[in-house]
Each structure stands twice: as structure tokens, then as C-alpha cells.
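J.: Before anything else, here's the structure in question.
The values are calculated or read from the model by the stated rules, or taken from the named source; none is laboratory data. Keep in mind that what you see is a predicted model, and the values were worked out from it rather than measured. All Cβ positions, glycine included, derive from the backbone under ideal geometry; neighbour counts span all protein chains shown.
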């Protein structure tokens, strides 16, 4: 089989999938810059928005793959974690802008500039961008914290408890956020309100609006590639193999000395982090976030991507995220029938390839890309 | 020296009293087997020892230390590996990755490499199939992989649950030959088997279980000759 990344031979002692070298980071930066400075001006605003949605969906699908695909648990809470991350980040940038700059318009550099960035006389980064990055990380961390609280009790048990609990969690998040207080917009009032109090003013049922614009192709693709790097290391390191062993056989994994509860919770927390980051990115692109739109339907969209790509296949999730983002647009000419066709395509898919496009493998491990299997006469070889 | 000692072990599955005061002792360097009919509680004993289920009463001592309340990964660290019933191989991972997970808790790559060579010697078939998904192996190969994988944890006591289950007679012979070999290399073995004939042939000491309690025990050779055992478990009228 093909191994693209070097094997990590670390023991299980600690978090070891921190990038060994900076190559993946370089690749992420390169692609992000390319998307921002070359693709965006060349492809126009519609294709650019599509590319942005694809990247966000890649983050979401890959983050869900970490739980549903790697450890074989079933989470239905993606939208809930997006909401948590999105609101948390939005609160930081919106109220932070008032606090730091006295206005709802923080200074942004060229990397966060809307439209054709090449013609704008802007510096690369300004302090507002750093606040935005910090807000995204904060959103991710808050979502990860929520993931820990949700995951710890429900992942101690084997079975479908996680699905039920995460479904409930999504609804609780939605209701809580929709009953939050109205967004404050008076600079003096904001300056006079302490942070903990500000975090209760999240816009209520109207949603959190007037969020500053930051999310460009640069930031989403940077985040998407970094998500991929983390997912790949989770799958292809000896430390990360423990996640897969739980999916394969939980009893045997325990017999190997894998503390299954710990690993399930870890995968879930990491996954929640990235879902939170995705929520934060969306919030700063649409410039508003509404918990009402982040119901379980949104979670199911992501689940469909993961199932279609193949539970456990990172490249499958990426491909499915791309296809399922573009497909509804391609079918737009069918007007009202397009969702019917979309649904039919999925049903056919489930009949023809129930394990998803790639099963648990990666694109380069199947079909013509694959080296001839090591033991071609394998299964029939020995008596059973 | 007594390596593993179970005293008055009780296990409940809900309302079902699966083990009723079982006492077993395993001497170092021996092969000890638990035989008995389906549902007698053989596998339950192994699961209790490796920490997968929590006994409701009694003591489990391994090399003088109590195992009670310890999670499976701690127990493995003490030198006690469990090959669960049904092999429990990771079907979608390669044979190589399966073996790597066997050495999951070890941090001495050099030692792991040496132990791998030993496993390859015991199971040449496993070495031939390293890059193959483990699920594509035959039943016998999967069993070999499961045992080889457990050996990579470098256990001093190996718990084997029904290693001959579902295997062709010829492969059963092979597996038992290998069990003997592993024991000869210094690993103590606690073996659960339905194939009482083979188990008694390979073991030094045997326990006969009936509905959650020890019916009798003694040197395996003696039990193999006992009328009662022959009638009930060995198929001799």
C-alpha cells in the first residue's frame, strides 16, 4: 500500500501528531495564498463563494470523519458545535472591535479583504486579523470544551448513546442561543458592560448580526488544509492507530491496552474543535449567525458527506464535500426538482456502494492507483 | 510459584450469576486450561482477569498484586495479555498495523523488532501477509495474527479464549503445537477451550467448569483419564 507521510513511530505517551516539520504548514499557506490571489480574481464571485463553501464543508466533513469514521462512534452534533464556535467567535470580534477600536469595523489586512484583493493598497495583516484568528481559535476551544462535557458521559458507554446525546445537545444549544439577550450596539453601553455579561447578549432569535467580515478564501483554505493534516496524522501515526482500533473492534482494542474511553473522548473533542472553527469562519463570512439555521438538518448534511465519502476515508470526505457542495448548484436549472434529484442520487449511491465511495480507504489506495495487492491469492489461501 | 490466583471469584451479568465462587491458581511456566460446556463461565473468567468486566466479589492476584478495579490497559502493562474470543482482529487495518497495535503500549522499538522476528518465526504466514488487510486472511491466519499480536505486548501470562474455534482440524493441530511452543519459550498460558481433548493434551493442569463453578480440577493427564470427564467432555461413552 502507498504511504505518503512518513511513519511516526512514537509511543502512546503524549500528543504526538503535532507537525513533525513545517512542510504541511507551508503547503497550507501556499494553497491558501493561491486561492486568495489567483483563484478569487480569476474565477469571479460565484465560483469563489462556491470554493469557500467547499472548504468549510471539507473542514466539517473531515472533523466528523474523526469521530464517525475513525473511532466508529456516531455523532449528530456537528451543527451544535458550529453554533457554539460561531457565536463564541462572533462575540469576540464584534464586542472586541468596540472595546479595542471603538467601532464595529476592525482594521483588516489584504488577506481578509473582500473581492479582488490584488488591487487594494493594504498591508498583509493588521491587528484586526489577529483578533479574528484568535476568535476562531477561541470558538474552536469553546466548542471543544462543549465536546468534552457532552462526550465524557456518553462515550463511557458502548452503543448509540452518543448519537442521542449529540442530537439533544444540538437542540439545547439552539434553544439557549435563541433565548439569549439582544445584541448591544451602543459603543458606550458595550464599554460599560463586563465581558461575562456581554456573552449573554448574542442576538436572541434574530441571530447575531453585524459581525465584521474577515473570512476569505485565504483563511478557509488555510484552515481546511490544517484540518486535513491533523486528520491524516490521526489516521496514519501509531498513536492515531488507536482511534481506528476502536472502530474495528472495541474489545480487542481494550485488550491491546488502548483506553477506549479516553480515545473516543479525544477524537470527539478534536472533532468539536474543528466544527467550532468552521462555525466561526462561516459567521465571519456571512456576517451573521443564527442558531435557528443550525438545526439538525445541518448536521445531517455533514453526516451525508461522511457516509458518501466512506466512513473513515479522509480523501473520500473531501471529495464528497466538494461534490455535495457543487451538485445542488449544478442542478439549479431543475428548479423545484433539484432536491428530489439530489436525494435520488444519494439513494442510488447507497444501493450501489453502501460502504461509501472509498470505504475506509483513501483515494490513492483503491482502484488503478493501488499497487497490485501484496497477496493476490490471499483469501482462499488457507483452510478455515 | 503461583502466578495468577483467583479466590472465590463471583461475577454477575445483571440478575444472572455467571461465576459462583471460582478459585483457580496458575503456576508460573505452566499451561492451565479451563474446560466446560457452553455458558459454563470459561470466557467470563478470562474477561474478569483482564479487567473487561468487573467481578462482584472475590480476589484476583497476579504475581502478588491485586488486579481488582484496574482497567484493562493497566492490567496489560503488568504483563498479562488477552486474546479475546472470536480473535478480535482489526479487519480493515493491515496485518502490519494489527501487529503494531499489539505493541501499542511498548516504548522500546528495538525490543519490539526482536519480538516481531520471533512472531514471524512462529507464524511465517503472518509475515507473508503483512501488507494485506487483516480481514482478508483465512480463519486460521487470523487466529495466528491474534496470538502473534498479543505476544508483541510481551506478556508473561497469555490468556487464550477458544483459539481453535471454527478452525479446520489440521489447523487446530497447528495452533496447539504453537501454544506448546510459546509455553516452552517461557510464557505461562491460561487456555479456555471447548475442544477438551486437545486442551487436556497440551495443558499441565486443568479445571472443569459447570454452570459457573469449578466441578473438579487436577493434572490434565489425570483428568483426561477420569471416567466422568471422558463421558461428559471427551465423547467417550
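J.: Inspect segment A:288-297 for any residue being more than 30 Å from residue A:97 (Cα to Cα) and either buried (at least 24 other Cβ atoms within 10 Å of the Cβ) or within 14 Å of chain B (Cβ to nearest Cβ) (or both) and give the result as yes or no.
T.: No; the residues of segment A:288-297 include none that is more than 30 Å from residue A:97 (Cα to Cα) and either buried (at least 24 other Cβ atoms within 10 Å of the Cβ) or within 14 Å of chain B (Cβ to nearest Cβ) (or both).
J.: Is at least one residue of segment B:61-68 touching a strand residue (DSSP E or B) at 6+ places or on another chain (Cβ under 6 Å), in contact (Cβ under 8 Å) with a residue 24 or more places away in the chain and buried (at least 18 other Cβ atoms within 10 Å of the Cβ)?
T.: Yes.
J.: Go through (1) in contact with a helix residue (DSSP H, G or I) (Cβ under 7 Å, 6 or more places away or on another chain); (2) surrounded by 15 or more Cβ atoms within 10 Å (Cβ to Cβ); (3) touching a residue at least 12 places away in the same chain (Cβ under 8 Å) and name the single condition residue A:161 misses.
T.: Among (1) in contact with a helix residue (DSSP H, G or I) (Cβ under 7 Å, 6 or more places away or on another chain); (2) surrounded by 15 or more Cβ atoms within 10 Å (Cβ to Cβ); (3) touching a residue at least 12 places away in the same chain (Cβ under 8 Å), the lone unmet condition for residue A:161 is (3).
J.: Answer yes or no as to whether residue A:209 is surrounded by fewer than 23 Cβ atoms within 10 Å (Cβ to Cβ) and more than 14 Å from every other protein chain (Cβ to nearest Cβ).
T.: Here the answer is yes, as residue A:209 does meet what is asked.
J.: Residues in segment A:291-311: is at least one in contact (Cβ under 8 Å) with a residue 40 or more places away in the chain, part of a helix (DSSP H, G or I) and in contact with a strand residue (DSSP E or B) (Cβ under 9 Å, 6 or more places away or on another chain)?
T.: Yes, segment A:291-311 contains a residue that is in contact (Cβ under 8 Å) with a residue 40 or more places away in the chain, part of a helix (DSSP H, G or I) and in contact with a strand residue (DSSP E or B) (Cβ under 9 Å, 6 or more places away or on another chain).
J.: Residues being surrounded by fewer than 23 Cβ atoms within 10 Å (Cβ to Cβ) and either in a strand (DSSP E or B) or not assigned by TED's automatic domain parsing to the domain that holds residue B:182 (or both): count how many of those fall in segment B:10-31.
T.: Of the residues in segment B:10-31, 12 are surrounded by fewer than 23 Cβ atoms within 10 Å (Cβ to Cβ) and either in a strand (DSSP E or B) or not assigned by TED's automatic domain parsing to the domain that holds residue B:182 (or both).
J.: Being in contact (Cβ under 8 Å) with a residue 60 or more places away in the chain and farther than 18 Å from residue A:245 by Cβ is the filter here; which residues of segment B:131-154 pass it?
T.: If the condition is that a residue be in contact (Cβ under 8 Å) with a residue 60 or more places away in the chain and farther than 18 Å from residue A:245 by Cβ, then B:154 is the only one that fits.
J.: Same structure again: Residues of segment A:164-177 being surrounded by fewer than 17 Cβ atoms within 10 Å (Cβ to Cβ) and within 30 Å of residue A:100 (Cβ to Cβ), which ones?
T.: The one that is surrounded by fewer than 17 Cβ atoms within 10 Å (Cβ to Cβ) and within 30 Å of residue A:100 (Cβ to Cβ): A:176.
J.: I would also like to ask the following. So residue B:110 passes all but one of these: (1) outside the structural domain of residue B:187 (by TED's automatic domain parsing); (2) free of Cβ contacts under 8 Å to residues at least 24 places away in the same chain; (3) touching a strand residue (DSSP E or B) at 6+ places or on another chain (Cβ under 9 Å). Which condition number does it fail?
T.: (3) is the only condition that residue B:110 fails.
J.: Looking only at segment A:260-269, filter to residues that are surrounded by fewer than 24 Cβ atoms within 10 Å (Cβ to Cβ) and in contact (Cβ under 8 Å) with a residue 60 or more places away in the chain; which one of those is farthest from the chain's Cα centre (by Cα)?
T.: A:261
J.: If I go through segment A:121-177 residue by residue, how many of them are within 30 Å of residue B:53 (Cα to Cα) and not in a helix (DSSP H, G or I)?
T.: 6
J.: Residues to consider are A:267, A:280; find the one that is more than 14 Å from chain B (Cβ to nearest Cβ) and within 22 Å of residue B:100 (Cα to Cα).
T.: Only one candidate qualifies: A:267.
J.: Hey, does segment B:71-86 have a residue that's surrounded by fewer than 19 Cβ atoms within 10 Å (Cβ to Cβ), under 24 Å from residue A:365 (Cα atoms) and touching a residue at least 12 places away in the same chain (Cβ under 8 Å)?
T.: Within segment B:71-86, the first condition is being surrounded by fewer than 19 Cβ atoms within 10 Å (Cβ to Cβ), and the residues that meet it are B:71, B:74, B:77-79, B:85-86.
Among the residues that remain, those that are also under 24 Å from residue A:365 (Cα atoms) are: none.
The answer is no, given that none of the residues of segment B:71-86 is surrounded by fewer than 19 Cβ atoms within 10 Å (Cβ to Cβ), under 24 Å from residue A:365 (Cα atoms) and touching a residue at least 12 places away in the same chain (Cβ under 8 Å).
J.: Mind checking which pairs have a first residue in segment A:235-259 that is facing chain B (nearest Cβ under 7 Å) and without any contact (Cβ under 8 Å) to a residue 12 or more places away in the chain and a second that is surrounded by 24 or more Cβ atoms within 10 Å (Cβ to Cβ) and in a strand (DSSP E or B), Cβ under 6 Å, 6 or more apart or different chains?
T.: Final answer for the pair search is A:255/B:82.
J.: Enumerate the helices (runs of 4 or more DSSP H) found wholly within segment B:47-159, keeping only those where 1 or more residues are more than 9 Å from every other protein chain (Cβ to nearest Cβ).
T.: Where helices (runs of 4 or more DSSP H) fall fully within segment B:47-159 and carry at least 1 residues being more than 9 Å from every other protein chain (Cβ to nearest Cβ), they are B:95-102, B:109-122, B:124-128, B:139-151.
J.: Which number in (1) within 21 Å of residue A:286 (Cβ to Cβ); (2) at pLDDT 90 or above marks the one condition that residue A:199 misses?
T.: Every condition holds for residue A:199 apart from (2).
J.: A follow-up question, please. Considering only segment A:202-215, state which residues are under 13 Å from residue A:89 (Cα atoms) and free of Cβ contacts under 8 Å to residues at least 40 places away in the same chain.
T.: Hits for segment A:202-215: nothing passes.
J.: Another question about this same structure. Any residue at all in segment B:161-169 that is within 11 Å of chain A (Cβ to nearest Cβ) and surrounded by 23 or more Cβ atoms within 10 Å (Cβ to Cβ)?
T.: Yes: segment B:161-169 contains one or more residues that are within 11 Å of chain A (Cβ to nearest Cβ) and surrounded by 23 or more Cβ atoms within 10 Å (Cβ to Cβ).
J.: Among the residues of segment A:315-336, is any at pLDDT 90 or above, within 22 Å of the chain's Cα centre (by Cα) and surrounded by fewer than 20 Cβ atoms within 10 Å (Cβ to Cβ)?
T.: Yes, some residue in segment A:315-336 is at pLDDT 90 or above, within 22 Å of the chain's Cα centre (by Cα) and surrounded by fewer than 20 Cβ atoms within 10 Å (Cβ to Cβ).
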